[in-house]
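I have placed the structure first, in the form of structure tokens, so that the comments after it can refer back to it.
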């Protein structure tokens, strides 16, 4: 057989091609299985990335934004490319960025640092100026460019209403932690969790990027319009009465929803660094929940509620007031030092007679029954309101080392016992709400996966019967009408009680110069829609709560009936009758 | 025997043909490998382009979220209570007082209730769907191609 002339060449070509193919295959397998090469590949294809999820927003009950987010920038510098520092610093200065902070951060950077953060929480305006300068200097042949400057956008908290409801909201610091109020209480659900992790740069692995969930949005029970009105009234009240501080709480007694809660001072939440100057010393951030005080005669409504409910007295029970009574060896007298003669229980409340209420608690009820009712009303225990920094107050009980028998008499008219305004509001809700005491809360709803989950009304106890609640409400309403209280507004029937309380001194005894003036009331009497608590600390224009606190209450409910669309009783009952 | 030899000789191919067939078979391997590499490259490129688009869209989503947050906050500032009150007062309005209001009985009137911020028809975002072609092996691919297709409810 004769061999073809080019067979040898074909064979060589085939062999070479086969060898090449096999060589490529061997190389591919070697590269893919080499740990060293795999390490080099991974080093280049994985990058550190920061994920900053937005913090959950906070709205009022009608959808007005109370706390949102805004974009700010972290400005960084890549030192590996040896940037021209004078150029960088000049650009920062031209953009309005504080060079003191920048220089301080540079001074802290280690000598071998490859990247430093020049400044953080830079506003969009300043960052955009710097970006424009960077763009203009890009490609500068002399090397005086800003290519080494990096921008990293992230969120910062923003409060569009500034100081509105600041005592309720609290604030968020630059490390994304909430402090005080709602921001602290719900920090775990509001704060998305910033994550810094290695992610693949390889686009084919883009789906491996983690999904960082944003913080949950929440809706408060607060009504922005009512809150603003209440704050305005409170600010004016401090001016007109000369009080050192004040607190107003508005709650729906049927649900426990806090419609407004204001105390002084307040701060612009966008400038939270000012907290140390605004709340100097031991000033509480929110007096309504964090400051316990002896409430005085407003506590008489709880004493009378217990006495009526236990059957110790009836509304028509008559007491002969001689002007003083001995309890535990101490003489208790009335606020005016006078004797008021024969009084029924309505008169005792309307005239705020200490002697009468001390008689009710010590003689008619006894300590077991009295303190049992006080505990049922929640005194001495935190209400559990969903705001940070709540304090409990103090209800001393028989058997406590510092309890004395006289306190059975003084506690009946709100001295020797300390409560927070929110505790009193919760306790009084039982009287306004058919004997059922509601849990006060600020969270109306939270948005989870796009769905709104509303907070349900919680009844925390039924300290008195519905019948007792109605009877006492009638007695209080009649009392206000009898004395033509400054708390009343025409067309609406309101129940309420004043309280002018002495202030205990740290070393014992009571302040002879200053008092706490309080008013608590609710209405309309037949279908209460609001319960309002007014507390003025150390008013100077007049010390009587009926003179300083009652008119403030009136101003608040004048606003409330308008903002809550509550017609006068006659009109409302006429509408219901149809 | 001669007959048999003659028949074999008749059907036997020329040696140079046999050689070419062997060479052709030998070359088929690199050609097949080149085809596989080509397909692999094509799939990889498409996956890379899709992945890059995902990255770009993610960045756009993040940027839009920042813009939305800024706009929401700016809007809230513009309609804040203080600003709205000042604007209303400058236009000659004043807050309504008790005496300004006349109540009228309107049948079927529904009083203002609290806001509902639920997103209408919201569903949880589904996990990203990746075509099997991007994840399965060649072996899986061929096996899936060979597997008989089934249809539900196959009543005759």
If I model a spin label at residue A:50 and residue A:363 as a point 7 Å from the Cα along the Cα→Cβ vector, what separation in nanometres do I get? 7.3 nm
Where the centroid of each part is defined by its Cα atoms, how far is the range A:89-159 from the range B:30-44 in Å? 48 Å
Fully extended contour minus Cα-Cα distance, from residue A:24 to residue A:7, at 0.36 nm per residue: 3.6 nm
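Hey, fewest Cβ within 10 Å first, where do A:135, A:152, A:300, A:126 land in order? Each step should come with its number before you reach the end.
On the way: A:135 10, A:152 14, A:300 26, A:126 19.
Listing A:135, A:152, A:300, A:126 from fewest to most nearby Cβ atoms yields A:135, A:152, A:126, A:300.
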Using 7 Å Cα-to-Cβ label points, what is the residue B:49/residue A:280 separation (nm, one decimal)? 6.9 nm
Each label sits 7 Å from Cα toward the beta-carbon; between residue B:98 and residue A:453 the label points are separated, in nm, by 4.2 nm
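Which FRET efficiency, nearest 0.05, do residue B:79 and residue A:503 yield, Cβ-Cβ r, R0 30 Å? Before the final figure, lay out each step's value.
On the way: r = 42 Å, r/R0 = 1.41.
Approximately 0.10, to the nearest 0.05.
Would you mind ranking A:420, A:217, B:44, A:87 so that the residue whose beta carbon has the fewest other beta carbons within 10 Å leads the list? Don't skip to the answer; put the middle values down first.
Values: A:420 28, A:217 23, B:44 12, A:87 19.
Result, fewest neighbours first: B:44, A:87, A:217, A:420.
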Between 0 and 90 degrees, rounded to the nearest ten: what's the tilt of helix A:224-241 against the longest Cα principal axis of chain A? 50 degrees
Between residue A:108 and residue B:108, what FRET efficiency follows from the Cβ-Cβ distance if R0 is 60 Å, with the result rounded to 0.05? 0.35
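Just the ratio, please: alpha-carbon radius of gyration of the protein assembly as shown over 2.2 N^0.38 Å, N its number of residues. Walk me through the intermediate numbers first.
Numbers: Rg = 39.6 Å, N = 734, 2.2 N^0.38 = 27.0 Å.
In units of the globular-protein estimate, the protein assembly as shown measures up at 1.47.
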Let me have the relative contact order for chain A, percent, based on Cα pairs under 8 Å that are six or more residues apart. 14 percent
Can you sort A:293, A:59, A:533, A:404 so the residue with the fewest Cβ neighbours within 10 Å comes first? A:404, A:293, A:59, A:533
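Would you tell me the mean number of C-beta atoms belonging to other protein chains that fall within 10 Å of each C-beta in A:149-156, as a whole number?
Details: counts 0, 0, 0, 0, 4, 1, 4, 1.
What the average comes to for A:149-156 is 1.
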What's the extension gain from residue B:18 to residue B:143 if we count 0.36 nm per residue and subtract their Cα-Cα distance? 41.5 nm
In degrees from 0 to 90, rounded to the nearest 10, what is the angle of the helix A:35-45 Cα long axis to the longest principal axis of chain A? 60 degrees
Peptides A:504-510, A:145-151: what's the order by average Cβ count within 10 Å, highest mean first? A:145-151, A:504-510
Say R0 is 45 Å: what FRET efficiency, to the nearest 0.05, do residue A:197 and residue A:62 get from their beta-carbon distance? 0.70
Evaluate peptide B:64-71: per residue, the Cβ atoms of other protein chains within 10 Å of its Cβ; return the mean as an integer. 5
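Given contacts defined as C-alpha pairs under 8 Å and at least six residues apart, what's the relative contact order of the range A:256-343, whole-number percent?
On the way: 54 pairs, mean separation 15.8, N = 88.
Averaging sequence separation for qualifying contacts and normalising by length gives 18 percent for the range A:256-343.
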Would you compute, from DSSP H runs of 4+ residues alone, the mean residue ellipticity of chain A at 222 nm, taking -39500 (n - 2.57) per run and dividing by the full residue count, rounded to the nearest 500? -10500 deg cm²/dmol
So the angle from the long Cα axis of helix A:466-482 to the longest Cα principal axis of chain A, reported in degrees to the nearest 10, equals 70 degrees
Across peptide A:62-74, what mean number of C-beta atoms from other chains lies inside 10 Å of a residue's C-beta? 4
Highest mean first, what order results for A:255-267, B:14-26 on Cβ atoms within 10 Å? A:255-267, B:14-26
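Throughout, read-outs are computed from the coordinates displayed, never taken from laboratory work. The structure displayed is predicted, hence computed values, not measured ones. Note that we place each Cβ from the backbone using ideal geometry, even for glycine, and neighbour counts take in every protein chain shown.
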